[in-house]
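Input: a single structure, listed below in structure tokens.
The values are calculated or read from the model by the stated rules, or taken from the named source; none is laboratory data. In this text, all values refer to a predicted model and were calculated from it rather than measured experimentally. Neighbour counts are summed over all protein chains in view; Cβ atoms, including those assigned to glycine, are modelled from backbone coordinates with ideal geometry. Ligands, DNA and RNA are excluded from the accessible area calculation, which covers all protein heavy atoms including side chains. Shrake-Rupley method; radii C 1.70, N 1.55, O 1.52, S 1.80 Å.
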Amino acid sequence: WVITGTMGMEGTGANGFEEPYLLAAFVAEAVFTFIFVLTVLGTTDRDNSSPHFAGLAIGLTLVLVHIVCIPVTGTSVNPARSIGPALFAGVEAISQLWLFIVAPIVGAVVAVPVWKTIKGN
């Protein structure tokens, strides 16, 4: 059920996708970053009645994000996590790096107004 993969970048930790799946990779990275950031915003909110469980909720959400998204792109949801491995993986990974920077930023930027709407601000 793997639709993309890392195309020969195994062992480097680099993310990757096959070119026909560019849109799927972008959507996956943006949506899963959105879910992750929304979870972080919700669990670390000042008005959270159970702040002691924030780490557990964030950690479990990150596990779920990786379980679902690894077959699609190798999962980044964090531009900093993608840059280093891409530098070691070579030209192909570096040429795709833009997606692993732009898509998570898009997902995070969308999560903020959604959280403010949910919270009622």
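Name the one entry in SER76, SER82 that is open to solvent by less than 40 Å² (accessible area, probe 1.4 Å), touching a Pro at 6+ places or on another chain (Cβ under 9 Å) and not in a helix (DSSP H, G or I).
Values: SER82 fails: not in a helix (DSSP H, G or I).
Of SER76, SER82, the one residue that is open to solvent by less than 40 Å² (accessible area, probe 1.4 Å), touching a Pro at 6+ places or on another chain (Cβ under 9 Å) and not in a helix (DSSP H, G or I) is SER76.
Among the residues of the range 4-26, the ones that are open to solvent by 70 Å² or more (accessible area, probe 1.4 Å) and either in contact with a Phe, Trp or Tyr (Cβ under 6 Å, 6 or more places away or on another chain) or at pLDDT 90 or above (or both) come to 1 in all. Filtering the range 25-73 to residues that are among the hydroxyl-bearing types (Ser, Thr, Tyr) and part of a helix (DSSP H, G or I) leaves THR33, THR39, THR43, THR61, THR73.
Determine whether ALA93 is hydrophobic (A, V, I, L, M, F, W, C), touching a Gly at 6+ places or on another chain (Cβ under 7 Å), in a helix (DSSP H, G or I) and open to solvent by less than 30 Å² (accessible area, probe 1.4 Å).
Working: hydrophobic (A, V, I, L, M, F, W, C): yes; touching a Gly at 6+ places or on another chain (Cβ under 7 Å): yes; in a helix (DSSP H, G or I): yes; open to solvent by less than 30 Å² (accessible area, probe 1.4 Å): yes.
Answer is yes for this residue.
Sub-7 Å Cβ pairs linking a first residue in the range 97-110 that is in contact (Cβ under 8 Å) with a residue 24 or more places away in the chain to a second residue that is assigned to a helix (DSSP H, G or I) and of a type in the set (S, T, N, Q), at least 6 apart or interchain, are PHE100/SER82; ALA103/THR33; PRO104/THR33; GLY107/THR33; ALA108/THR33, ordered by first then second residue.
I'm checking my understanding of the structure. Among residues of the range 96-121 that are more than 19 Å from LEU38 (Cα to Cα) and not aromatic (Phe, Trp, Tyr), which one is most open to solvent (accessible area, probe 1.4 Å)? Within the range 96-121, the match that is most open to solvent (accessible area, probe 1.4 Å) is LEU97.
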